[in-house]
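The values are calculated or read from the model by the stated rules, or taken from the named source; none is laboratory data. The model shown is predicted, which means the values in this text are computed figures rather than measured ones. A quick note on method: Cβ atoms are made from the backbone with ideal geometry, for glycine too, and the neighbour counts reach across all protein chains shown.
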Ligand SMILES: NC(=O)c1ccc[n+]([C@@H]2O[C@H](COP(=O)([O-])OP(=O)(O)OC[C@H]3O[C@@H](n4cnc5c(N)ncnc54)[C@H](O)[C@@H]3O)[C@@H](O)[C@H]2O)c1
């Protein structure tokens, strides 16, 4: 499959979980991928595992304007263009109600999950104007539906969904599409960490399988396959879309 042949993708949080699955799928679909992630060890392992000349890696923090600017400039310097910015890096903890959340936790969630999109857009949009490229945001169904005990996280994803639509309108005149993928649960290091923190991890596994109408909690490959479609030319008339990749988790009450 060469749906992404010749495309240059800048991806944040690509060293693990959903981002890693996306990086793998993008490379397989023929793209060159530039990953920025703060986990130095995971990035080293990733380079060895993927062993691809089409992969560029930057250890950096999406909270830092400087890191993002530098990584985007180097990506452009190496490949000569950028077709896609995929804002994927995110955090979900702590699991708390709003009143239990402290200011530092609130700020951290908003900076990592949302302000990072501000920086990648500020420093990346001119590159995308040159290629009539696209932006993909890894959001979440909780930004549409809500989730207990994660108020600040849910607010970041609601913000990301709203931002996806606003940006889609603003950048459509430049031929730039902006979409979001919205998973429900995905078995990644982030979710596995949350699972072991729960009082009854076995019950939680059943719960995670059952919230998806299709009956199981997937791994990142299901998100990656949809992401390949959304950043490919097959989706050339799709913009402002919040695409559930959720096994029907949002469809309604069920036993
Ligand atoms: N796993 C799920 O069930 C689920 C569901 C819905 C949405 N999401 C969203 O998917 C995205 C990826 O989640 P995941 O489950 O793969 O998480 P993960 O923790 O398994 O992987 C996230 C990656 O992002 C990197 N990262 C985190 N903070 C960073 C920072 N400040 N700067 C640079 N890199 C950073 C991490 O090092 C890691 O490699 C997140 O935006 C998350 O909110 C996940």
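Summary of values
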read-out	value
From 11, 98, residue being closer than 27 Å to residue 192 by Cα, touching a strand residue (DSSP E or B) at 6+ places or on another chain (Cβ under 6 Å) and modelled with pLDDT of 95 or more	11
Filter result for residue 22 (within 13 Å of the ligand (Cβ to nearest atom), more than 20 Å from residue 222 (Cβ to Cβ) and either in contact with a helix residue (DSSP H, G or I) (Cβ under 9 Å, 6 or more places away or on another chain) or touching a residue at least 12 places away in the same chain (Cβ under 8 Å) (or both))	no
Residue under evaluation residue 4, criteria (1) more than 9 Å from the ligand (Cβ to nearest atom); (2) within 28 Å of residue 110 (Cα to Cα); (3) touching a helix residue (DSSP H, G or I) at 6+ places or on another chain (Cβ under 7 Å), criterion not met	(2)
Hits in the stretch 25-41 (condition: closer than 18 Å to residue 219 by Cβ and surrounded by fewer than 19 Cβ atoms within 10 Å (Cβ to Cβ))	27, 28
Residues within the stretch 25-45 that are within 16 Å of the ligand (Cβ to nearest atom) and touching a helix residue (DSSP H, G or I) at 6+ places or on another chain (Cβ under 7 Å), tallied	7
Subset of the stretch 132-156 that is farther than 18 Å from residue 110 by Cβ and surrounded by fewer than 16 Cβ atoms within 10 Å (Cβ to Cβ) - its residue that is farthest from the ligand (Cβ to nearest atom)	132
